[in-house]
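This report refers to the structure that appears directly beneath it.
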Amino acid sequence: SEAIDLVPLTKRSKRFLENRGPKLTEDVKSAMIMKGGNTSQMVTQALKDIYSLKKPNAVLYKKKNITRPFEDSTSLEFFSKKTDCSLFLFGSHNKKRPNNFIFGRLFDFHVLDMIELGIEKYVSLSEIKTNKCPEGTKPMLVFAGEPFETDHEYKRLKNLLIDFFRGPTVPAVRLSGLEHVLHFTALDGKIFMRSYRCLLKKSGCRTPRIELEEIGPSFDFVLRRTHLASEDLYKLAHKQPKALKPKKKKNISHDAFGTRFGRVHMQKQDLSKLRTRKMKGLRKRKGEVAAEEQDGQAPKVAKSAQSA
């Protein structure tokens with residue numbers, strides 16, 4: 001099948017194609033949240049809670065989608081093109097894999113990574129009666145547990161969860177805006193997800209005292225199937241355009257702590273002509289000076305004798 005180049009006929013279609021086309025600075029990643037042909041009440045409510053955390057950068061499909069992402073991902077790729085979403089969350093339920101979540105992402109409208117998590121325990125947003133964070137709050141992501149640093153699948157899961165929940169990139173953050181924390185813990189083959197609200201209390205000094213209050217939702221996941229991209233495709237998906245790469249400045253380097261060092265190039269110096277402070281201890285005696293003068297004249301005398 002050959003690729004077909006779409007030619008815009010109107011200004012509106014031209015703007016649409018430019019908006020969907022590749023950009024130097026990409027838009028905020030949006031997520032599709034959908035349920036499969038068979039779902040349980042727990043999965044349906046859990047999808048709604050994840051949607052409330054992801055809003056407004058998410059699309060929630062209320063109708064059932066009879067598809068199996070691990071066997072056929074064409075429908076996901078179709079919906080991704082339609083809604084311009086590069087992330088997805090698929091919920092399903094069956095006897096073999098009850099209360100199932102599939103987190104995934106796409107590159108160039110093709111599935112890149114998929115990781116399947118089973119829900120063992122779930123507490124919804126409505127069950128925890130506390131004040132919630134405003135919609136669209138950028139969360140702080142915390143990952144605890146050795147598997148996130150050592151195991152290959154857990155490393156990809158960590159990267160995928162950061163991609164899914166990170167929100168928009170902002171140049172600066174005010175202190176009162178740091179009020180939502182998503183905490184992921186990997187322990188004993190399980191992944192625990194907790195959601196907290198930061199409370200800034202008076203501490204008697206300039207820095208406030210911070211308390212965490214659980215607001216939900218709360219999940220206990222277990223890792224099931226995975227579909228990970230190859231290393232070459234993974235590197236290609238992370239490749240940045242040359243225009244975004246910072247230009248390397250000559251003779252400037254940084255150490256591990258971020259300290260900036262500069263190198264200055266100078267001409268070669270003749271240290272014999274370097275003026276130093278005259279000290280009595282370094283002065284030569286009269287006998288040494290006379291001996292040096294005799295040594296310096298000796299070769300001249302020998303030369304004159306040869307010529308004679």
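Taking one equal scatterer on every alpha-carbon of region 81-173, how large is log10 of I(q)/I(0) by Debye at q = 0.19, 0.20, 0.21 1/Å?
Log-scaled intensity ratios, in q order: -1.26, -1.33, -1.36.
Rounded to the nearest 10 degrees, what's the angle between the helix 41-54 long axis and the longest principal axis of the chain, both from Cα atoms, 0 to 90?
40
Want the number for residue 126 to residue 77: 0.36 nm per residue separation, take away the alpha-carbon distance, what's left? Don't skip to the answer; put the middle values down first.
Values: separation 49, 0.36 × 49 = 17.64 nm, distance 3.27 nm.
Extra length from residue 126 to residue 77 when fully extended: 14.4 nm.
If one takes the longest principal axis of the Cα atoms in the chain, at what angle in degrees, from 0 to 90 and to the nearest 10, does the Cα axis of helix 152-165 lie?
Taking the Cα atoms of the chain, the angle to 152-165 is about 70 degrees.
Give the relative contact order (percent, whole number) for the chain; include only Cα pairs under 8 Å separated by 6+ residues.
Numbers: 432 pairs, mean separation 45.0, N = 308.
Rounded, it is 15 percent for the chain.
How much of the DSSP beta bridge set in region 27-227 is antiparallel, as a percent to the nearest 5? List each step's numbers first, then the result.
On the way: 40 of 54 bridges.
Rounded to the nearest five, the antiparallel share is 75 percent.
If r is the Cβ-Cβ distance from residue 271 to residue 249 and R0 is 45 Å, what FRET efficiency results, to the nearest 0.05? Working shown, then result.
Details: r = 31 Å, r/R0 = 0.69.
It comes out at approximately 0.90.
Take the alpha-carbon centre of region 233-281, take the same for region 79-122, and report the distance between them in whole Å.
A separation of 48 Å, based on Cα centres.
Sorted by accessible area with a 1.4 angstrom probe, largest first, how do 209, 224, 105, 68 fall?
Details: 209 110, 224 75, 105 10, 68 160 Å².
Descending accessible area places them as 68, 209, 224, 105.
Using a 1.4 Å probe on the protein chains only, how many percent of the accessible area of the chain belongs to carbon and sulfur? Mind showing how you got there, number by number?
Details: 11870 of 22460 Å².
The computed percentage sits at 53.
May I ask you to compute the full-extension gain from residue 163 to residue 188, defined as 0.36 nm times their residue separation minus their alpha-carbon distance, rounded to one decimal in nm?
Additional length available on full extension: 6.6 nm.
From the helices alone, meaning DSSP H stretches of at least four residues, give me the mean residue ellipticity at 222 nm for the chain, per-run term -39500 (n - 2.57), in deg cm²/dmol to the nearest 500. The partial results should precede the final answer.
Working: 7 runs with 81 residues, N = 308.
Counting only the DSSP helices, I get -8000 deg cm²/dmol.
Once the Cβ-Cβ distance between residue 9 and residue 257 is put in as r, and R0 is 45 Å, what FRET efficiency do you end up with, to the nearest 0.05? Before the final figure, lay out each step's value.
On the way: r = 57 Å, r/R0 = 1.26.
So, using R0 = 45 Å, E works out to roughly 0.20.
Set the bar at 20 Å for Cα to Cα. Now go through 62/82; 14/245; 64/121; 129/190 and name every pair that lies beyond it.
Details: 62/82 16 Å; 14/245 29 Å; 64/121 23 Å; 129/190 26 Å.
Beyond 20 Å: 14/245; 64/121; 129/190.
The values are calculated or read from the model by the stated rules, or taken from the named source; none is laboratory data. Since this is a predicted model, take the numbers as computed values, not measurements. Methodologically, a virtual Cβ is constructed for each residue, glycine included, from the backbone with ideal geometry; neighbour enumeration extends over all protein chains shown. Note: areas computed on protein heavy atoms with side chains; ligands, DNA, RNA excluded. Shrake-Rupley method; radii C 1.70, N 1.55, O 1.52, S 1.80 Å.
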